[in-house]
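Have a look at the structure below before the remarks.
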Amino acid sequence: MFPHSFYGVFISTNAHIGKNVVIFQQVTIGSNTTVGSKNQGSPTIGDNVYIGAGAKIIGNCKIGNNCRIGANCIVTKDVPDNCVCVNRGLEIIQKEEVLDNTFVSAPEKL
(Lines give C-alpha, C1' and ligand atoms only; values in the text may rest on other atoms or scores of the structure.)
Protein backbone atom coordinates (compact mmCIF):
# COMPACT_ATOMS: atom_id res chain seq x y z
CA MET A 1 0.00 0.00 0.00
CA PHE A 2 1.35 3.41 -1.00
CA PRO A 3 -0.63 6.17 0.79
CA HIS A 4 1.20 8.92 -1.14
CA SER A 5 1.49 7.08 -4.48
CA PHE A 6 4.41 5.06 -5.75
CA TYR A 7 6.43 8.06 -7.00
CA GLY A 8 9.75 8.57 -5.22
CA VAL A 9 9.81 5.02 -3.83
CA PHE A 10 12.64 2.65 -4.83
CA ILE A 11 12.33 -1.09 -4.23
CA SER A 12 15.10 -3.44 -5.36
CA THR A 13 13.95 -6.23 -7.64
CA ASN A 14 15.56 -8.73 -5.23
CA ALA A 15 13.79 -7.47 -2.10
CA HIS A 16 11.06 -9.63 -0.53
CA ILE A 17 8.06 -7.78 0.88
CA GLY A 18 5.36 -9.42 3.01
CA LYS A 19 1.62 -8.82 3.21
CA ASN A 20 -0.07 -5.62 4.39
CA VAL A 21 3.10 -3.49 4.24
CA VAL A 22 2.53 0.29 4.20
CA ILE A 23 5.25 2.28 2.43
CA PHE A 24 5.29 6.07 2.54
CA GLN A 25 6.99 8.50 0.14
CA GLN A 26 10.75 8.67 -0.55
CA VAL A 27 11.43 5.18 0.86
CA THR A 28 14.34 3.09 -0.45
CA ILE A 29 14.40 -0.68 -0.04
CA GLY A 30 17.70 -1.39 -1.71
CA SER A 31 20.23 -4.13 -2.30
CA ASN A 32 23.86 -3.97 -1.22
CA THR A 33 25.80 -5.27 -4.21
CA THR A 34 29.29 -4.60 -2.86
CA VAL A 35 31.21 -7.87 -3.14
CA GLY A 36 32.54 -9.00 0.24
CA SER A 37 30.38 -6.59 2.24
CA LYS A 38 29.10 -8.00 5.53
CA ASN A 39 25.46 -7.35 4.57
CA GLN A 40 25.63 -8.02 0.85
CA GLY A 41 22.20 -8.88 -0.51
CA SER A 42 18.64 -7.60 -0.35
CA PRO A 43 16.14 -6.84 2.42
CA THR A 44 13.31 -9.11 3.51
CA ILE A 45 10.32 -7.25 4.94
CA GLY A 46 7.83 -9.18 7.06
CA ASP A 47 4.05 -8.86 7.24
CA ASN A 48 2.15 -5.86 8.66
CA VAL A 49 5.16 -3.52 8.53
CA TYR A 50 4.78 0.27 8.45
CA ILE A 51 7.65 2.12 6.75
CA GLY A 52 7.67 5.87 7.36
CA ALA A 53 8.58 8.62 4.90
CA GLY A 54 12.20 8.77 3.81
CA ALA A 55 13.25 5.50 5.47
CA LYS A 56 16.12 3.53 3.93
CA ILE A 57 16.37 -0.25 4.33
CA ILE A 58 19.58 -1.43 2.67
CA GLY A 59 21.31 -4.79 2.25
CA ASN A 60 20.77 -8.30 3.54
CA CYS A 61 18.65 -7.51 6.58
CA LYS A 62 15.35 -8.89 7.80
CA ILE A 63 12.56 -6.69 9.15
CA GLY A 64 10.29 -8.83 11.31
CA ASN A 65 6.50 -8.92 11.35
CA ASN A 66 4.45 -6.10 12.89
CA CYS A 67 7.33 -3.59 12.91
CA ARG A 68 7.34 0.17 12.44
CA ILE A 69 10.27 1.86 10.72
CA GLY A 70 10.16 5.56 11.56
CA ALA A 71 10.61 8.43 9.15
CA ASN A 72 14.16 8.85 7.84
CA CYS A 73 15.51 5.79 9.64
CA ILE A 74 18.43 3.98 8.04
CA VAL A 75 18.22 0.23 8.67
CA THR A 76 21.11 -2.07 7.73
CA LYS A 77 20.69 -4.89 10.27
CA ASP A 78 17.96 -7.30 11.36
CA VAL A 79 14.95 -6.02 13.31
CA PRO A 80 13.02 -8.61 15.38
CA ASP A 81 9.22 -8.96 15.26
CA ASN A 82 7.09 -6.32 17.01
CA CYS A 83 9.77 -3.60 17.13
CA VAL A 84 9.83 0.13 16.43
CA CYS A 85 12.87 1.81 14.85
CA VAL A 86 13.35 5.53 15.40
CA ASN A 87 15.94 8.04 14.28
CA ARG A 88 17.09 9.52 17.57
CA GLY A 89 19.18 12.54 18.01
CA LEU A 90 20.07 15.61 16.08
CA GLU A 91 23.61 16.91 15.90
CA ILE A 92 23.79 20.68 15.68
CA ILE A 93 27.06 22.17 14.49
CA GLN A 94 27.51 25.82 15.43
CA LYS A 95 29.58 27.81 12.92
CA GLU A 96 31.60 30.91 13.74
CA GLU A 97 31.09 32.47 10.32
CA VAL A 98 27.86 33.41 8.60
CA LEU A 99 26.89 30.72 6.11
CA ASP A 100 26.19 31.76 2.53
CA ASN A 101 23.14 29.74 1.47
CA THR A 102 22.66 31.50 -1.86
CA PHE A 103 20.92 29.24 -4.33
CA VAL A 104 22.39 29.34 -7.82
CA SER A 105 20.21 27.93 -10.57
CA ALA A 106 21.33 26.71 -13.95
CA PRO A 107 21.21 29.35 -16.66
CA GLU A 108 18.11 29.35 -18.83
CA LYS A 109 18.38 27.90 -22.33
CA LEU A 110 18.70 30.49 -25.05
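Numbers for the structure displayed
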{"quantity": "Residues within the stretch 45-62 that are over 13 Å from residue 28 (Cα atoms) and either open to solvent by 20 Å² or more (accessible area, probe 1.4 Å) or in a strand (DSSP E or B) (or both), tallied", "calculated": "5"}
{"quantity": "Residue 65 at pLDDT 95 or above, assigned to a loop (DSSP other than H, G, I, E, B) and in contact with an Asp or Glu (Cβ under 6 Å, 6 or more places away or on another chain)", "calculated": "yes"}
{"quantity": "Residue within the stretch 75-88 that is open to solvent by 50 Å² or more (accessible area, probe 1.4 Å) and in a strand (DSSP E or B) present", "calculated": "yes"}
{"quantity": "Residue satisfying condition, being touching a Phe, Trp or Tyr at 6+ places or on another chain (Cβ under 9 Å) and open to solvent by 30 Å² or more (accessible area, probe 1.4 Å), within set 34, 28", "calculated": "28"}
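The values are calculated or read from the model by the stated rules, or taken from the named source; none is laboratory data. The structure presented is a predicted model; accordingly, all values stated were derived computationally and were not measured. As a convention, Cβ positions derive from the backbone with ideal geometry for all residues, glycine included, and neighbour counts pool all protein chains shown. Accessible surface areas use protein heavy atoms only, side chains included; no ligands, DNA or RNA. Shrake-Rupley method; radii C 1.70, N 1.55, O 1.52, S 1.80 Å.
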